[in-house]
């Protein structure tokens, strides 16, 4: 027990991540244990679209939501600009707009290097003595600013529980409450979910990273066994970028049509077409300390080609190397109660499906099981612990919509009638699981409790990508050092493994550049390292010229506009952090989105290019006016146009609590 405590203290130092409590101090109110405020339950379902919800309610597919709409309230819910998950969930939690939360996209850029960086968390590397003993631990700082409403409620003395809450890495301390962090939690490699694909189809010289963050690993059989390795976290004791690896072996069992997998002292035999149980993996940092992860394998084929998929290496919830819950042992309590579970914030295997290293059916079975598990935990915690406030956020509705919109959109370049016949109801199936969870939650709530159901945004088809940097080059706003040089492609692995970006840009003649999902930044003098655009009149002229030309641009195929709007960042991101906002925010018409390569700063050929990936639905760079989310309540709401920033002040009003600082949202009015 003492050894375990020492290790825990060491890792708290190593990864520990002294996350400063965001926002202003909150005065704790002593609340009588009398039930003066009835229970409030808030369910979040990422990406649920009001038009689809209304359509399927009318068809009788969503009876619990239809009943809520008839007896209480159903309205579209205004979202943020852009209507992107981290941006919107930050506003949901705090009641603040992006200018005050400081979250404008998944990615931001370092103006001194022009390199993309994660906008959700900042970190500093640990320091070691003799590569053995930590002398200074790194810090992780949650970049979402503002005080989340569930912290204010907990600080007032109400029993509070938040499950899979986005943008809670590292978690906000909520006195007396419990929190399980969701979107934003990395895998053990510090990425959004690096999958592994082991195959005898992959030759040794083909070992590589995929565009969407997977690793292709060659298997060379000796007899019936192949040996490989799993690369894990970056070695914090090394001066250079180096990852720590552990060995794994695969032994084909042709008679059983199975593979025996040996990893870290454990062996499982897994039949073709099946998942293994969770493997627990130790990545040794020093001879004294190791980081723990969990992963599972899916056997694709055994003979004649051995092919095995491995999920991202999730942080072990029982022995988390990084903080994923508050209090720190809450994730361990959940694992003991419900078994091991995914801790990765990006919950489902979208990257491997996009790379076609996983089939549609395997993806859906796993995604649905994951969603149902969170539903069970949510209902059980309501029944067992009776929190006064419960918040639970489900992201499978979003992930499935991203991957299967192609099968409800006949205009998608990847629409396939045969596949639509088989998996065309995938999004509906997810909505039906949502509806069943809503019914189960209603039955588990206390009598008289208030139920609020929200989504952060809606959805559109993503048929064509727009290469914004290429457009900037062709219109004279960006210059290349070598115009004839073949373009370099970027990948998610580059983002996390210190890859190079903008390798061919002549910054001395570049006025603007694009990074992220729809953002354009000026190469501003005094802000960017090699800025040439003077603040003031010249900056205004360049922004207006870019805006006008983009709005005038027409798709060469259809001669129709591609952009719905181009917003000036200063007009939509007012607040404390408006200086960090992009200079221009693109809002595409339905069917279009920023291309994948543009999001990482690349300059590929062509401007409007067909999206041939299974990731066929999106919202990230759409216009908020036509990408609203959903709002349901079991009580009538008189406010005609609710917004996602209104949820936090509404919950605080239900508990008769004042917000700790002024909010951008307003409390909704209940009653007709």
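Quick notes on this structure:
- Only one entry in 430, 468 is touching a helix residue (DSSP H, G or I) at 6+ places or on another chain (Cβ under 6 Å), buried (at least 20 other Cβ atoms within 10 Å of the Cβ) and assigned by TED's automatic domain parsing to the domain that holds residue 405, namely 430.
- Leading residue by the ranking (surrounded by the fewest Cβ atoms within 10 Å (Cβ to Cβ)) among those in the range 107-144 that are at pLDDT 90 or above and in contact with a helix residue (DSSP H, G or I) (Cβ under 8 Å, 6 or more places away or on another chain): 114
- Counting the residues of the range 580-605 that are at pLDDT below 95 and over 22 Å from the mean Cα position of the chain (by Cα) gives 3.
- Restricting attention to the range 375-419, the residues being under 27 Å from residue 154 (Cβ atoms), in contact with a strand residue (DSSP E or B) (Cβ under 8 Å, 6 or more places away or on another chain) and assigned to a loop (DSSP other than H, G, I, E, B) number 3.
- Look at (1) closer than 26 Å to residue 384 by Cβ; (2) touching a residue at least 60 places away in the same chain (Cβ under 8 Å); (3) surrounded by fewer than 18 Cβ atoms within 10 Å (Cβ to Cβ) and you find that residue 422 fails only one, number (1).
- In the range 30-65, the residues that are at pLDDT 95 or above and closer than 19 Å to residue 450 by Cβ: 39, 40, 41, 42, 43, 44, 45, 64, 65
- Of the listed requirements (1) outside any strand (DSSP E or B); (2) modelled with pLDDT of 95 or more; (3) over 17 Å from residue 114 (Cβ atoms), residue 508 misses just one: (3).
- Leading residue by the ranking (surrounded by the most Cβ atoms within 10 Å (Cβ to Cβ)) among those in the range 584-637 that are assigned to a loop (DSSP other than H, G, I, E, B) and at positive phi: 601
- Yes/no for residue 546 being part of a helix (DSSP H, G or I) and touching a residue at least 24 places away in the same chain (Cβ under 8 Å): yes
- Residue in the range 554-563 that is part of a strand (DSSP E or B), in the same structural domain as residue 596 (by TED's automatic domain parsing), crowded, with 18+ Cβ neighbours inside 10 Å and modelled with pLDDT of 95 or more present: yes
- Restricting attention to the range 46-64, the residues being in a helix (DSSP H, G or I) and surrounded by 24 or more Cβ atoms within 10 Å (Cβ to Cβ) number 1.
- Test for residue 237: is it in contact (Cβ under 8 Å) with a residue 40 or more places away in the chain, touching a helix residue (DSSP H, G or I) at 6+ places or on another chain (Cβ under 6 Å), surrounded by fewer than 23 Cβ atoms within 10 Å (Cβ to Cβ) and assigned to a loop (DSSP other than H, G, I, E, B): no
- For the range 65-85, the tally of residues that are part of a helix (DSSP H, G or I) and closer than 21 Å to residue 430 by Cα stands at 6.
- Counting only strands (runs of 3 or more DSSP E) that sit completely within the range 285-332, those holding 1 or more residues that are in contact with a helix residue (DSSP H, G or I) (Cβ under 9 Å, 6 or more places away or on another chain), farther than 30 Å from residue 224 by Cβ and in the same structural domain as residue 201 (by TED's automatic domain parsing) correspond to 290-295.
- Filter result for residue 390 (under 26 Å from residue 66 (Cβ atoms) and surrounded by fewer than 24 Cβ atoms within 10 Å (Cβ to Cβ)): no
- Tally, over the range 655-670, of residues that are farther than 19 Å from residue 96 by Cβ and either touching a strand residue (DSSP E or B) at 6+ places or on another chain (Cβ under 8 Å) or surrounded by 18 or more Cβ atoms within 10 Å (Cβ to Cβ) (or both): 2
- For the range 179-217, taking the residues that are surrounded by fewer than 18 Cβ atoms within 10 Å (Cβ to Cβ) and under 22 Å from the mean Cα position of the chain (by Cα), the one that is modelled with the highest pLDDT is identified as 190.
- Per the listing 611, 643, the residue uniquely under 15 Å from residue 75 (Cβ atoms) and touching a residue at least 24 places away in the same chain (Cβ under 8 Å) is 643.
- The range 145-176, subset at positive phi and assigned to a loop (DSSP other than H, G, I, E, B), residue surrounded by the fewest Cβ atoms within 10 Å (Cβ to Cβ): 176
- The lone exception for residue 441 - which of (1) assigned by TED's automatic domain parsing to the domain that holds residue 600; (2) at pLDDT 95 or above; (3) in contact with a helix residue (DSSP H, G or I) (Cβ under 7 Å, 6 or more places away or on another chain) it fails: (1)
- Residues that are more than 18 Å from residue 339 (Cα to Cα) and within 27 Å of the chain's Cα centre (by Cα) within the range 255-289 comprise 274, 282, 283, listed in sequence order.
The values are calculated or read from the model by the stated rules, or taken from the named source; none is laboratory data. Computed from a predicted model, the values in this text were never measured in an experiment. Glycine also receives a Cβ, built like all others from the backbone with ideal geometry; neighbour counts cover every protein chain displayed.
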